[in-house]
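The values are calculated or read from the model by the stated rules, or taken from the named source; none is laboratory data. Since the structure is predicted, the reported quantities are computational estimates derived from the model, not experimental observations. Backbone-built Cβ (ideal geometry, glycine too); neighbour counts: all protein chains shown. For the accessible areas, the whole protein counts, side chains as well, though only heavy atoms, and no ligand, DNA or RNA atoms are used. Shrake-Rupley method; radii C 1.70, N 1.55, O 1.52, S 1.80 Å.
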Amino acid sequence: MSPDQLIVEFDRALRTILAPARSMRPLPGAALPDAELPAAQRSHVAGLMRVNHCGEICAQALYQGQALTSRDPTIHDALRSAADEETEHLAWTERRIAELGGRKSFLNPLWYLGSLSLGLVAGALGDKWSLGFLAETERQVEAHLNGHLRSLPEDDRRSRAIVDQMRLDEIQHAETAVRYGAAELPSPAKVAMKVMAKVMTGVAYRF
Ligand SMILES: [Fe+2]
Ligand SMILES: [Fe+2]
C-alpha cells in the first residue's frame, strides 16, 4: 500500500469512529411519532440500538479490510458501495440513540480494529471465501435483527422502521455476495462467527 493510500484508509477509519455518519436516504420512519416509553424500556431500546450501531461500525471495518485485500477490481468496487450503504445504517442508528438519550459503545475503536483485522484475513483467503464470509455475516445480522424486532416494543415504531429497513438491506448484501461468487462456509466457521457475535452483542449492550 502506498503512503497516500494508507492515509486515505486511516482517514476512513477515523471518520467512521469519530465523525457523525451521513445518510443519502431519508431516515426510515422519520414521519412517525415517537412513543412514550417508560424509562426502563427506553434504556433497553437504546441498548439494542447501541448494539446495532456497533455492528455497523464492525461492518465498515470488515468491508474496508476486505476491499483492501480483494484481488478482483469489480469485487473491490462492490465492497466499497456496500460499505457506503452501511454508512447509512450507521447514521440511522446513531440518530435513534440520540433521540432515546442513549450513548454509543465506548469500545467502538476496539471493535473497529478487531473487525478490520478479520476483514483483512478474510480478504487474504481469496475472493470466494471473503465473499462467503460476507454473505454469512449478513445472514447472521439478518437473524439478529429479526430477534430485535421481537424484542422492540410494539409501539416504538421509529426504532422498528429503522431496524426493518436495515434488515431488508442486509438481505440484499448477502444476495449480492452470492451473486459475485460467495463460497458456502464450513459449519464450524459459521458456529464460531455466531459465538463471537453473541459475545460482542452482549458486551455492546452494556458498554
Ligand atoms: Fe448494516
Ligand atoms: Fe450489510
Nearest 10 degrees, 0 to 90: helix 73-99 Cα axis against the chain principal axis:
20 degrees
Angle, helix 157-179 long axis vs. longest principal axis of the chain, Cα atoms, 0 to 90°, nearest 10?
20 degrees
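Using a probe radius of 1.4 Å on heavy atoms only, what accessible surface per residue do you get for the chain? Whole Å² is fine.
51 Å²
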In a GNM of the chain with a 10 Å cut-off on Cα contacts, which of SER151, SER159, SER130 has the highest mean-square fluctuation?
SER151
Mean-square fluctuation maximum in Gaussian network of the chain, Cα pairs under 10 Å, restricted to GLY101, GLY132, GLY123, hits GLY101
Using label points projected 7 Å from each Cα along Cα→Cβ, tell me how many nm separate GLU36 and GLN5, to one decimal.
5.8 nm
Summing -39500 (n - 2.57) over every DSSP H run of at least 4 in the chain, dividing by its residue total and rounding to the nearest 500, the 222 nm mean residue ellipticity is -27000 deg cm²/dmol
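Go through the range 16-114 and name the GluC sites (Glu not before Pro) that are in a DSSP coil and have 11 or fewer other Cβ atoms within 10 Å of their Cβ.
GLU36
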The range 1-59: trypsin sites (Lys or Arg not before Pro) in DSSP loop, at most 13 other beta carbons within 10 Å:
ARG22
At a 1.4 Å probe, what is the % contribution of carbon and sulfur to the accessible area of the range 54-134?
65 percent
Label the range 65-132 by shape, choosing from rounded, prolate and oblate, from the square roots a ≥ b ≥ c of the eigenvalues of the Cα gyration tensor; if a/c is under 1.5 it is rounded, and otherwise prolate applies when a/b is larger than b/c, oblate when it is not.
oblate
